[in-house]
Number of protein chains: 2
Amino acid sequence: MRIGELAAATGVSARSLRYYEQQGLISSERTPSGQRIYAESVVSRVTFLQRLFSAGLSSRTIRNLLPCIDTPSEESTAASLDTLVRERDRLVAHIDDLVYTRGRLEQLIEANLDS
Amino acid sequence: MRIGELAAATGVSARSLRYYEQQGLISSERTPSGQRIYAESVVSRVTFLQRLFSAGLSSRTIRNLLPCIDTPSEESTAASLDTLVRERDRLVAHIDDLVYTRGRLEQLIEANLDS
DNA sequence: CTTGCCCCTGACACTAGTGTCAAGTTTTAC
DNA sequence: GTAAAACTTGACACTAGTGTCAGGGGCAAG
């Protein structure tokens, strides 16, 4: 599939897809003339990348844990697994914080509802 | 209290405190020479601001809901309350998304642990 | 009075992902 | 074969909160 199709399939702009490739997060074949050709599996990869971005991971951090995604259960993923666990912990802490904030907002809504 | 003390008390840089004031999120008295003097109550305000920033609210959005914070239960907060509810909903959706992402990361950790 | 520390404003830099434009090439459709 | 649509690289802009530096003023302790 070409970049326009991938963009349509994932909702990610072609600009961003090229950026992801530049950051080493996705890969593509090239036609003889240089146009990118993506495997079908890249769709779910891009979706997952979006999810990680939305969770606040940087492209650098994501690149660090790619071995855990691409070749699970191999020795070469020691540092990758470390990054993965660290990001999970960071995410858990952030969720806890957001849940508390949600409570604060709901208190505020209640206090403003008795009008 | 002066800006250095407020910075120490909140862990927010003086630079950021001046920025918050510029954005209309906090206010201060001034000494005749122009130095900022903060009320004690600004400490908790700044702490809450940090919380909202960390939840992804922009300073513009925060300013919109300040009426709900400063003068709860008044008519003038109709638009403010609307913003508040909208942000609460956005936050709830985001938390749900992050919880799902946490599950994905934990699946990934598990898949990489059987080495 | 002077030393040292704190404060003031204004300006510029940085990050990091994305938008957008330009100029040129390739593919597709008629 | 020609026109439209899609692709290429490269470059520059933007956001928004923060860091940092410059050049100047304020104020307390010695």
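Just a few scattered comments:
- When the helices (runs of 4 or more DSSP H) confined to region B:11-76 are screened for residues that are modelled with pLDDT under 95, more than 7 Å from DNA strand D (Cβ to nearest atom) and closer than 21 Å to A:GLU110 by Cα, those reaching at least 2 such residues are found at B:59-70.
- Considering (1) within 20 Å of the chain's Cα centre (by Cα); (2) assigned to a loop (DSSP other than H, G, I, E, B), the lone condition that B:MET1 does not fulfil carries the number (1).
- Residue match in region A:54-77 (condition: within 11 Å of chain B (Cβ to nearest Cβ), surrounded by fewer than 14 Cβ atoms within 10 Å (Cβ to Cβ) and within 16 Å of DNA strand C (Cβ to nearest atom)): yes
- Residue check for B:THR83: within 16 Å of DNA strand D (Cβ to nearest atom), closer than 19 Å to A:SER54 by Cβ, in contact (Cβ under 8 Å) with a residue 12 or more places away in the chain and β-branched (Val, Ile, Thr): no
- Here B:THR101, B:THR83 are screened, and the one residue that is under 30 Å from A:LEU65 (Cα atoms) and either assigned by TED's automatic domain parsing to the domain that holds B:GLY4 or part of a helix (DSSP H, G or I) (or both) is B:THR101.
- Top-ranked residue of region A:81-115 - restricted to ones that are at pLDDT 95 or above and among the small types (Gly, Ala, Ser), ranked as farthest from A:ARG63 (Cα to Cα): A:GLY103
The values are calculated or read from the model by the stated rules, or taken from the named source; none is laboratory data. This one's a predicted model, so the numbers in the text were calculated from it and none came from an experiment. Virtual Cβ from ideal backbone geometry, glycine too; neighbours counted across all protein chains shown.
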